[in-house]
């Protein structure tokens, strides 16, 4: 078993230590880092982002060739860790010999402990693991009289161990929304200040989603409500992707439920949980976003776009487009140059 010890919560130093232990090629932009691995120890990429003075974000998309442990020792900053597994699985424990808790695909984990304890993440060899973790420092310097300090205080009150306990450990139910935000992060092509703003916004949304998941799980436990199984989560994700790839198709709730092998009621429950929309609302949302992209990126006229996204009524399309974008499709199309210049 290979053990990698990280004795800092500074992103720059974390990547220096990771490169020392794993090798690879390290690249950096202002407040962003990328370590590409392709050797006898691991393949894949580790990326990191400094969000602000108290929040940092890391994403691992790697295959370790040996059973590997990443051991975090950060008594000064003593962070709260918000983990999310998008693919594969991993185990977490407090210390190398502590109880291991498994984080499976699409699950969130939140972990905090007193400063004397280390946190360990365990990875099985030859298994692709893609996960993110957001660390929020609990003793960051210079965090006074601002919104970050308020956020820090609220997270401390919720997730730091209380009443003599030394640890806080939570494994959430399955959630696809965080995975979607991870995809959005990877899809950012902009540079400079626009990129920084987009990155910060998405990471804050991921943090909010993970905190919200914890609240919903606590409420579900109190109300004895069930949650979707992993297989059901994967089915909903597949259906969501199918709708996004083929917005022109004529969908029905009954037909989609049959395709998923579940009941219409269960399908509605899944879409409401994962997308905060009914199935029909989600289909409409996908079609409108597809249409907006076609207006920006093609020379198709409005009638052609209406047909392409599976609608037959141009007036209905105009109505729902205006509800989302606060202008008609034709106005949006005619003013693309002005919109682009002012963006």
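So, of the residues in region 81-100 that are surrounded by fewer than 18 Cβ atoms within 10 Å (Cβ to Cβ) and in contact (Cβ under 8 Å) with a residue 24 or more places away in the chain, which turns out to be nearest to the chain's Cα centre (by Cα)?
Residues of region 81-100 surrounded by fewer than 18 Cβ atoms within 10 Å (Cβ to Cβ): 87, 89, 91, 95-100.
Keeping just the survivors that are in contact (Cβ under 8 Å) with a residue 24 or more places away in the chain gives 87, 89, 91, 95-96.
Numbers: 87: 12, 89: 15, 91: 19, 95: 26, 96: 27 Å.
If we take residues in region 81-100 being surrounded by fewer than 18 Cβ atoms within 10 Å (Cβ to Cβ) and in contact (Cβ under 8 Å) with a residue 24 or more places away in the chain, then 87 is nearest to the chain's Cα centre (by Cα).
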Exercise. Which of (1) farther than 20 Å from residue 110 by Cβ; (2) touching a helix residue (DSSP H, G or I) at 6+ places or on another chain (Cβ under 8 Å); (3) at pLDDT 85 or above is the odd one out, the single condition residue 210 does not satisfy?
Worked result: (1)
Exercise. Here is a list of conditions, (1) over 21 Å from residue 196 (Cα atoms); (2) in contact with a strand residue (DSSP E or B) (Cβ under 8 Å, 6 or more places away or on another chain); (3) touching a residue at least 40 places away in the same chain (Cβ under 8 Å), and residue 133 meets all of them except one; can you say which number that is?
Worked result: (1)
For this session: Give the residues of region 162-175 that are surrounded by fewer than 20 Cβ atoms within 10 Å (Cβ to Cβ) and modelled with pLDDT of 80 or more, sorted by residue number.
Result: 167, 168, 169, 170, 171
For this session: Check whether at least one residue in region 19-34 is outside any strand (DSSP E or B) and within 30 Å of residue 156 (Cβ to Cβ), and report yes or no.
Result: yes
For this session: Report, by residue number, each residue of region 60-77 that is more than 15 Å from residue 13 (Cα to Cα) and surrounded by 20 or more Cβ atoms within 10 Å (Cβ to Cβ).
Result: 60, 61, 62, 64, 68
Seminar exercise, completed: Per the filter on region 32-51, residues surrounded by fewer than 16 Cβ atoms within 10 Å (Cβ to Cβ) and under 24 Å from residue 203 (Cα atoms) are 36
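Take residue 205 and decide whether it is at pLDDT 80 or above and touching a helix residue (DSSP H, G or I) at 6+ places or on another chain (Cβ under 8 Å).
On the way: at pLDDT 80 or above: yes; touching a helix residue (DSSP H, G or I) at 6+ places or on another chain (Cβ under 8 Å): yes.
Spelling it out, residue 205 is indeed at pLDDT 80 or above and touching a helix residue (DSSP H, G or I) at 6+ places or on another chain (Cβ under 8 Å).
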Problem set entry | Tally of residues being assigned to a helix (DSSP H, G or I) and surrounded by fewer than 18 Cβ atoms within 10 Å (Cβ to Cβ) across region 270-289 | 5
For this session: Scan region 144-158 and give yes if some residue there is out of contact with any helix residue (DSSP H, G or I) (no Cβ under 9 Å at 6 or more places or on another chain), at pLDDT 85 or above, closer than 20 Å to residue 215 by Cβ and crowded, with 16+ Cβ neighbours inside 10 Å, otherwise no.
Result: no
Seminar exercise, completed: Taking region 18-50 and keeping residues touching a residue at least 40 places away in the same chain (Cβ under 8 Å) and on the phi > 0 side of the Ramachandran plot leaves 31, 44
Exercise. Quick one: in region 301-343, which of the residues that are in a loop (DSSP other than H, G, I, E, B), surrounded by fewer than 17 Cβ atoms within 10 Å (Cβ to Cβ) and on the phi < 0 side of the Ramachandran plot is modelled with the lowest pLDDT?
Worked result: 343
Problem set entry | Only listed residue being closer than 24 Å to residue 179 by Cα, at pLDDT below 95 and assigned by TED's automatic domain parsing to the domain that holds residue 196, chosen from 50, 62 | 50
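Given 108, 102, which one is part of a strand (DSSP E or B), touching a helix residue (DSSP H, G or I) at 6+ places or on another chain (Cβ under 6 Å) and at pLDDT below 95? Before you say what the answer is, go through the steps one by one.
Details: 102 fails: touching a helix residue (DSSP H, G or I) at 6+ places or on another chain (Cβ under 6 Å).
Of the residues listed, the single one that is part of a strand (DSSP E or B), touching a helix residue (DSSP H, G or I) at 6+ places or on another chain (Cβ under 6 Å) and at pLDDT below 95 is 108.
The values are calculated or read from the model by the stated rules, or taken from the named source; none is laboratory data. Please read all numbers here as calculations on a predicted model, not as lab measurements. A quick note on method: Cβ atoms are made from the backbone with ideal geometry, for glycine too, and the neighbour counts reach across all protein chains shown.
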